[in-house]
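Derivation of every value follows stated rules applied to the coordinates shown; laboratory data play no part. Nothing here was measured: the structure is a model prediction, and the numbers come from that model. With ideal geometry, Cβ positions are generated from the backbone for all residues, glycine too; neighbour counts draw on all protein chains shown.
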Amino acid sequence: MTQQALISVRNVSKAFSVEGRLVQAVDNVSLQAREREFVALIGPSGCGKSTLLNLIAGLMEPDQGEIALRGDRQTERLGRIGYMPQRDGLLPWRRLLENVTLGPEVMRRDLPAVREQALALLPLFGLQGFERSYPHELSGGMRQRAALLRTLLCEQEVVLLDEPFGALDALTRRTMRDWLLGIWERFQRTMLLVTHDVDEALLLSDRIYVLTPRPGRVALEIDVPLPRPRHEGLLNDPLFASSRESILTALREHDG
Amino acid sequence: MSPRRLRRFGPPLALGMALLLLWQAATLYLNIQDWLLPSPLQILQAGWQARGVMGPHVWQTIQETVIGFALALLAGLTLGMSIDYSHWLRRALYPLLVLSQTVPVIAIAPLLVIWFGYGILPKVLVVGLVCFFPIVVSTADGLRSADPDQIALLRTMGASRSDVFRLIRLPGALPSVFTGIKVGITYSVVGAIMGEWVGSSRGLGVFMLRATNAFRTDWVFVSIAITAALSVLLFGLVNLVERILLGWYYASRRTEEWAEVS
Ligand SMILES: Nc1ncnc2c1ncn2[C@@H]1O[C@H](COP(=O)(O)OP(=O)(O)O)[C@@H](O)[C@H]1O
Ligand SMILES: [Mg+2]
């Protein structure tokens, strides 16, 4: 397994002008994600997490600093990095199957083959029998799982997840967290997860970056010392508790 | 009729029938003269008697309306998309289009007759002029209101500008476009009749003028009834097409309504 960073963000800053004032959203952030690594970004809301993902995806360019994909700074990132937005982004006029195959359709891949592949994956995503349903007929959890399936079917090198379970109730959230763990272990795709749930980050990821409130800076980088495969039982592990403590301390130190 | 339909169409039908009955009773008991206000039954009778004479007139008006509306649809969609396509076009076209709506069509109609004669063309153009504006506005607004998150999502899939248009903006704009089409189509028949008033030898408008000059008030009412029926029919057709194309839209709206009441 190569240790070269698949994604590397170096000293990246980004400001927005809001009504004439300059708002610094991301300030001198550096982070990395290696091949097949699960990386989490934790931070209070408004600290620039979504902005950071937009930058990495190539939807906008940083004011300063650089973002490299496989060490290449010049390459076009749009189209190569999968993005699951904060809201599911399902198209209300498309049925589920047409929604999850949107990426391959845009990429002009062999659609019938992709449809087969999608249908075969529906049970794993808890969506079997719903292929002809419209998004409004699905529950919140189902919509998020559909959005993730849509992202994975794009078969891009990296997957960015922006608070995928943020809008769900606590119970559904936990189920989805355990489910995502299984998905990642199966697909082994490089993932970058934005969340503000510390347990979620610890259970899922190999490495965690804690960000400060606006402007977003990296307050703490921590390698999660838990073995894989992971399971919910690790929540009571002493290693888990100490990592959780250091993350919470970092978050508290920079609070307000 | 299903209970839901009954609930929807029942009240307007009942009110309409009641008003007609009142009208019938009033003409009967207040002794109103026929040439002032004929009774609904007399109008019905007159319509039946005149059906042979009226046929070609009605057909002419239908043709003008349909061709004119097709033209309005084509022009409206094209202009709406052009406005959406470039900022420059939006700034240049929008004010002119709004200005064009301040000129009464009835004032332009005689000019059209001078330029294009007494054939079908000037009437078709009047219908087009009356109907195109709501379609332009609703198309432009619908395209503009696309969800930026969905557009961003598509760009991360490597979509081109035309992909975004085809897969997100156009389908997302359709509900708005149909609103414009429905506003337009309700004006269309009246537009054709206005066009006929300025100069024509056939059509519902011509028939209406002749009936007025002959004091055949019952025939005037027949023409009015047919005008209304045609408008409602066309509106219903558009509605039907919309329901077929935009089933998802109505279904999702119904879910939202439910979410609100529950
Ligand atoms: N497109 C934009 N234009 C102006 N300001 C923005 C834009 N996107 C984000 N911001 C601002 O940048 C800051 C960080 O936003 P965001 O990245 O969405 O935070 P988070 O995802 O961590 O909640 C916020 O203050 C927000 O108002
Ligand atoms: Mg965010």
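Here are the numbers:
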read-out: Sites B:LEU111 and B:VAL53 - FRET efficiency at Förster radius 51 Å, r taken between beta-carbons, to 0.05; value: 0.95
read-out: Pairs of alpha carbons in the stretch A:121-184 whose separation is greater than 17 Å (percent); value: 39
read-out: Rule-of-thumb Rg ratio for the stretch B:146-227 [Cα; 2.2 N^0.38 Å; N residues]; value: 1.98
read-out: For residues of A:89-96, the mean tally of beta carbons on other chains within 10 Å; value: 5
read-out: Normalised alpha carbon radius of gyration of the stretch A:6-60 [divisor 2.2 N^0.38 Å]; value: 1.21
read-out: Calculated diffusion of the stretch A:1-148, Stokes-Einstein form, Kirkwood radius summed over Cα pairs, 25 °C and 0.890 mPa s, µm²/s; value: 139
read-out: Over the protein assembly as shown: Kirkwood hydrodynamic radius from C-alpha pairwise inverse distances, Å; value: 27.9
read-out: Pairwise label distance in nanometres, A:GLN74 with B:LEU44, each label 7 Å out on the Cα-Cβ vector; value: 8.4
read-out: For the protein assembly as shown, calculated [θ]222 nm from helices alone, where every DSSP H run of n ≥ 4 adds -39500 (n - 2.57); value: -19000 deg cm²/dmol
read-out: At 0.692 mPa s and 37 °C, Stokes diffusion of the stretch B:64-113 via Kirkwood alpha-carbon radius, µm² per second; value: 265
read-out: For residues of B:242-255, the mean tally of beta carbons on other chains within 10 Å; value: 2
read-out: Residues in the stretch A:130-165 that a label on A:GLN86 would reach, taking backbone N under 17 Å of a point 7 Å out along Cα→Cβ; value: A:144, A:160-165
read-out: Peptide ranges A:115-128, B:87-100 listed from the most packed, as the mean C-beta count within 10 angstrom indicates; value: A:115-128, B:87-100
read-out: Only Lys, Arg (+1) and Asp, Glu (-1) charged, at Cβ; the stretch A:90-155 dipole about Cα centre in debye; value: 120
read-out: The stretch B:1-68 versus the stretch B:122-163: alpha-carbon centroid distance in Å; value: 38
read-out: Ratio of Rg to Rh over the stretch B:44-171 (Cα coordinates, Kirkwood Rh, two decimals); value: 1.17
read-out: Under 22 Å from B:LYS182, Cα to Cα: lysines that are on another chain or at least 8 residues apart; value: B:LYS123
read-out: Cα-based convex hull, the stretch B:78-150, per residue volume (Å³, whole number); value: 95
read-out: The stretch A:90-155: radius of gyration and largest Cα-Cα distance (Dmax), Å; value: 10.6, 30
read-out: DSSP bridge orientation in the protein assembly as shown - percent antiparallel, rounded to nearest 5; value: 50
read-out: When chain A is reduced to its Cα atoms, the Kirkwood hydrodynamic radius in Å; value: 19.0
read-out: Cβ-based net charge around A:GLU200, under 12 Å, with every Lys or Arg adding one and every Asp or Glu removing one; value: 0
read-out: For chain B: relative contact order, % (alpha-carbon pairs under 8 angstrom, 6 or more apart); value: 24
read-out: Computed E for B:VAL98/B:TRP197 - FRET, C-beta separation, R0 25 angstrom, nearest 0.05; value: 0.45
read-out: Contact order relative to length of the stretch A:90-155, as percent, for alpha carbon pairs under 8 angstrom and 6 or more apart; value: 50
read-out: Cross-link reach list, lysines versus A:LYS14, counting only Cα pairs under 30 Å and skipping chain neighbours closer than eight places; value: A:LYS49
read-out: Distance from the stretch A:138-187 to the stretch A:46-101 (C-alpha centre basis), Å; value: 16
read-out: Choice from B:SER200, B:SER39, B:SER145 with maximal GNM fluctuation in chain B (Cα, 10 Å cutoff); value: B:SER145
read-out: Sequence of B:ARG216, A:ARG36 once ranked by neighbouring C-beta atoms within 10 Å, starting from the fewest; value: A:ARG36, B:ARG216
read-out: Per-selection Kirkwood Rh - the stretch B:2-89 (Cα, Å, 1 d.p.); value: 17.9
read-out: Nearest 10 degrees, 0 to 90: helix A:140-153 Cα axis against chain A principal axis; value: 90
read-out: Model label zone, A:LEU226; criterion: amide N under 12 Å from point 7 Å along Cα-to-beta-carbon; scope the stretch A:140-180; value: A:177-179
read-out: Pairwise FRET efficiency - A:GLU157 versus A:GLU116, Cβ, R0 = 22 Å, nearest 0.05; value: 0.45
read-out: Between helix B:3-29 and chain B: long-axis angle, C-alpha atoms, 0 to 90°, nearest 10; value: 30
read-out: Where a label projected 7 Å from the Cα of B:ILE32 along Cα→Cβ would reach, residues of the stretch B:188-219 with amide N under 18 Å; value: B:212, B:215-219
read-out: Charge context of A:ARG34, other residues only, Cβ under 14 angstrom, K/R +1, D/E -1; value: -2
read-out: Residue-wise HN-Hα coupling along the stretch A:234-251, computed from phi with Karplus coefficients 6.51, -1.76, 1.60 (Hz; x: Gly, Pro); value: 5, 4, 9, 5, x, 4, 4, 4, 5, 5, 4, 4, 5, 5, 4, 5, 4, 5
read-out: For the stretch B:57-255, the Rg and Dmax computed from alpha carbons only, in angstrom; value: 19.7, 70
read-out: Simple Cβ-charge dipole of chain B, Lys/Arg +1 and Asp/Glu -1, about Cα centre, in debye nearest 20; value: 260
read-out: Magnitude of the charge dipole, the protein assembly as shown, Cβ model with Lys/Arg +1 and Asp/Glu -1, debye to 20; value: 1300
read-out: Relative contact order, percent, chain A [alpha-carbon distance under 8 Å, six or more residues apart]; value: 25
